[in-house]
Amino acid sequence: MKLTLRVWRQRGADAPGHMASYEVDGISEDMSFLEMLDTLNEDLILRGEDPVAFDHDCREGICGACSLVINGDAHGPERTTTCQLHMRSFDDGDTIDVEPWRAAAFPVVKDLVVDRGSFDRIIQAGGYITAPTGAAPEAHATAVPKADADFAFEHAECIGCGACVAACPNGSAMLFTSAKVNHLNVLPQGSPERETRVLDMVARMDEEGFGGCTLTGECATACPKGIPLPSIAAMNKEWLRAVRKGPR
Amino acid sequence: MALATRTDRRPSTTRTIWDSSVGKKSVMAVSGLVMLGYLVVHMLGNLKIFFGADEFNGYAHWLRTLGSPFLHHEWALWIVRVGLLAAVVAHAVSAYQLSRRDIRARPVKYAHKRRRASYATRTMRWGGVILGLFIVWHLLDLTTLTVNERAWAGHPYENVLSTFSTWYGNTIYIVAMAALGLHVRHGFWSAAQTLGAGSARRDRTLKFLANGLALVLFAGFVSVPVAVMTGVVN
């Protein structure tokens, strides 16, 4: 395959950026999108140019490191992570636009790499449980109803990649925050911090400069892990409950 | 190591709600539902125009005597007006502040543009502005009678006929009602999500209710100018 790439290039956080055009040839349709970018970078290095910086780690679709808005879609046209997106999803001769996640709370570090530290700070605000130390507790000591376990697991699937923020027209982190809140709030292990968790995480989310939710649904469509849109309603319910009850 | 005990004081409930994006959205949801409830009653009242001038004008007069002898003449109406004004102000101020936050959250736009969200969702902000302007026009037209050509105080039937006998009266009204339908379609469903009533199981019911409300309100309100234009009401 032969492709034309239009890639966002930006030397550093404060440097101005622009979309640069590159031609790549000899792309196999079995390559992942990141392998295609590797091919481009090898080419750029041989030509003595600066390779395109992009985030990646496991390349198995489970770590949440890769990002990229491809032709306006977070993680590209398929519902998966960019590392699991294959070039067979494109046609020979295509022009592909590659941009970083765009959000005030995700400042560009270089080229396609953004700083997702704001997500870490939301987690620090309440995305944990107060676990007792010592020997592992007896597995059957705390019973969890099957429905709750399923609900928690569905939300625990969130890998914190930030596609929800990138896809949202308001740059909102509601889907991410709701996944984390719902995951722990439904479980008995998470119940001691049930009220403070949702209040603190939502407050942190606002402080980081993410937008508000207008129930557009773009986040849930973009999410590679299928976190559903009703998660947001579930978190709103938890938040209103916590405001009513007051934190313990 | 013992965990540090929280010693900082939590802000008041009102402060927490107003300072949070989630809280401010719940203000929007509640004020929106209040206005929606009013609109359903308003629309049902409007339909009385199909039963003649006496019934319509009699209904308008009855509204002024509502609650008597406990409430003085027009007091009930003023209580409703104050409540509605509070709802409109709360709704608009929250919408303005939340929109500012949303726009600030994406300072650099994507180079590759594509349509995001449905038509009803995308037009919430400008549709809201159109509805705000319409409310001003509507009050000047049929409450204060400032811009009404007939302007016969105490005879709303004749005034409504006069409004819908002008091309601009009809155009403004029908455009505003289309904006209302779209606003309610996304707004009612969103309010349910914001107040935590949404779930995967209830989603179809909520969407059906939202579309139903939007359609019934649009059809009910627009039936009046259509009836005047076609001569069914004269």
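The values are calculated or read from the model by the stated rules, or taken from the named source; none is laboratory data. Bear in mind the structure is a predicted one, so any value in this text is a computation, not a measurement. Positions of Cβ are backbone-derived with ideal geometry, glycine not excepted, and every protein chain shown enters the neighbour counts.
Values as computed for the structure displayed
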quantity: Identity of the residue in segment A:164-196, surrounded by fewer than 24 Cβ atoms within 10 Å (Cβ to Cβ) and facing chain B (nearest Cβ under 9 Å), that ends up farthest from residue A:101 (Cα to Cα); calculated: A:196
quantity: Scope segment A:68-90; condition within 11 Å of chain B (Cβ to nearest Cβ), among the hydrophobic types (A, V, I, L, M, F, W, C) and free of Cβ contacts under 8 Å to residues at least 60 places away in the same chain; matching residues; calculated: A:70
quantity: Matching residues, segment A:91-108, being surrounded by fewer than 22 Cβ atoms within 10 Å (Cβ to Cβ), over 10 Å from residue A:8 (Cβ atoms) and within 14 Å of chain B (Cβ to nearest Cβ); calculated: A:94, A:95, A:96, A:104, A:107
quantity: Long-range neighbours under 8 Å by Cβ, at least six apart or interchain, first residue on the phi > 0 side of the Ramachandran plot within segment B:55-70, second surrounded by 14 or more Cβ atoms within 10 Å (Cβ to Cβ) and of a type in the set (Gly, Ala, Ser); calculated: B:67/B:76
quantity: Within segment A:73-98, tally of residues that are farther than 18 Å from residue A:22 by Cα and part of a loop (DSSP other than H, G, I, E, B); calculated: 8
quantity: Index of the failed condition, residue B:73 passing every other in (1) more than 14 Å from every other protein chain (Cβ to nearest Cβ); (2) assigned to a helix (DSSP H, G or I); calculated: (2)
quantity: Criterion: touching a Gly at 6+ places or on another chain (Cβ under 7 Å), more than 23 Å from residue B:113 (Cα to Cα) and either without any contact (Cβ under 8 Å) to a residue 40 or more places away in the chain or part of a loop (DSSP other than H, G, I, E, B) (or both) - qualifying residue of A:12, A:64, A:48; calculated: A:64
quantity: Total residues in segment A:126-143, condition more than 13 Å from every other protein chain (Cβ to nearest Cβ) and at pLDDT 95 or above; calculated: 1
quantity: Any hit, segment A:25-42, residues being surrounded by 14 or more Cβ atoms within 10 Å (Cβ to Cβ), within 15 Å of residue A:113 (Cβ to Cβ) and touching a helix residue (DSSP H, G or I) at 6+ places or on another chain (Cβ under 7 Å); calculated: yes
